[in-house]
Amino acid sequence: MHSISDITLISDLQSLSKGILVDLCTDLNLETSGYKIDLVRRVQDYIRGSSNNELLERANGFLLAGKTSCRWYKLSSTVTAEYITTKIEESYGFNPFNNIVIPDIDHLASTPILISAARGAEMTDIFMRFMYKSGVTQKAYGNELQPVVSTSVSTVYIDTETGIVEVRGDTKKTPQIVSELMRVLQQQVNVDEVTAPFNAEIAEIADKIDGELIDATSKPDLVLEDFDDDKIEAIGKILNGIDQFFVSGDGDELGITLDEANVLFGDERLSIPFSALILSGMDKVGLAGDGELRNLPLFAYLNPRLDHHTGFIRFTLNEDGVNKKYTIRVGRESKSIYFNTPVNEMVIEFIRRKVIL
């Protein structure tokens, strides 16, 4: 039966950073010099030809991880890994746990198809690999344009102990992949998408992993579309008046500006906070910092008026006595987390345990 290294493709190795590839070569007792493609070929050749399971096991934690997006689902009922394995074997014309079947590129479509599967390090773990056509570009050859097909591979990780289904890869393909998984299980088990962590504030996810919210893209919670030019100009004068006050210390001029704005806004000034006025007309607001964003005065002031839909979180994880920093991007609308920093299985498991379970 396949192990993780058996179902690793060269595209998986190419997606890893050079630093991780150097670590893999070091762990596999391979030469670490040369360009990235040289490291990829050495690791690939080793995986194909080696039977040293101990060294391969040390490398497995990196092979299907790297920089990737994840969406999570929960099985509706408890099933065993043996049950899922049996259903997978029954559903295809080959045994994906013993064979890798990569279709001819001319027969590949945008619908993901299973090409291989493996059991994980734990008996409750299952990995499945799905391939699909992800795009077509036109390449010039003489006076003709020839189509060049791009392909992508997504990974499904199933932990039957917790009932978690994790889909790694293009999040837009996730629904199709999950539908195919349900077909394989013959609708005897349903799945529900894990949405609870993404319905809360992104800052809450940062707190769960002791991380720092370092960047946020948001939408104002109040859109004021009926502001005329005079009101927009008044808001600008208020901000400019505040600047001038700190330069000159003259509060009289600022007072005049505020009084004029009060008259212009009339009853509206009683119901609309000034922070909402500042954000009026903006479809998207981006705030970023070198460290914790919530420590910035501007963020604290505007935050009550903002609905954050994307956020970057930096966190530290101790691996074998060494503290390493990682960055993730949380998408509330896509219900996904993207690992901006290349990671291993330990890091993904940490996020899954702290945020998803």
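The values are calculated or read from the model by the stated rules, or taken from the named source; none is laboratory data. Source: prediction; values computed, not measured. Cβ sites come from the backbone with ideal geometry, for glycine too, and all protein chains shown count toward neighbours. For accessibility, only protein heavy atoms count, side chains too; no ligands or nucleic acids. Shrake-Rupley method; radii C 1.70, N 1.55, O 1.52, S 1.80 Å.
Tabulated data for the structure shown
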| read-out | value |
| --- | --- |
| Residue match in segment 272-286 (condition: at pLDDT 75 or above and surrounded by fewer than 17 Cβ atoms within 10 Å (Cβ to Cβ)) | yes |
| Candidates 149, 153, 136, filtered to the one that is more than 25 Å from residue 345 (Cβ to Cβ), touching a helix residue (DSSP H, G or I) at 6+ places or on another chain (Cβ under 9 Å) and in a strand (DSSP E or B) | 149 |
| Residue check, residue 42 within 22 Å of residue 2 (Cβ to Cβ), open to solvent by 30 Å² or more (accessible area, probe 1.4 Å), modelled with pLDDT of 85 or more and part of a helix (DSSP H, G or I) | yes |
| Residue within segment 47-55 that is aliphatic (A, V, I, L, M), free of Cβ contacts under 8 Å to residues at least 40 places away in the same chain and either in a loop (DSSP other than H, G, I, E, B) or on the phi > 0 side of the Ramachandran plot (or both) present | no |
| The lone exception for residue 63 - which of (1) within 22 Å of residue 334 (Cα to Cα); (2) within 18 Å of the chain's Cα centre (by Cα) it fails | (1) |
| One residue from 98, 29 being open to solvent by 10 Å² or more (accessible area, probe 1.4 Å), farther than 20 Å from residue 347 by Cβ and either among the hydroxyl-bearing types (Ser, Thr, Tyr) or in contact with a His (Cβ under 7 Å, 6 or more places away or on another chain) (or both) | 98 |
| Among (1) modelled with pLDDT of 70 or more; (2) farther than 22 Å from residue 315 by Cα; (3) not small (Gly, Ala, Ser), the one test that residue 229 misses | (1) |
| Extreme residue, nearest to the chain's Cα centre (by Cα), among residues of segment 152-186 that are open to solvent by 60 Å² or more (accessible area, probe 1.4 Å) and in contact (Cβ under 8 Å) with a residue 60 or more places away in the chain | 170 |
| Complete set of residues in segment 187-208 that are in a loop (DSSP other than H, G, I, E, B), open to solvent by less than 70 Å² (accessible area, probe 1.4 Å) and farther than 30 Å from residue 80 by Cα | 200 |
| Filtered residue count, segment 308-329, keeping only those that are under 15 Å from residue 341 (Cβ atoms) and acidic (Asp, Glu) | 1 |
| Segment 306-354: number of residues that are assigned to a strand (DSSP E or B), in contact (Cβ under 8 Å) with a residue 60 or more places away in the chain and open to solvent by 40 Å² or more (accessible area, probe 1.4 Å) | 5 |
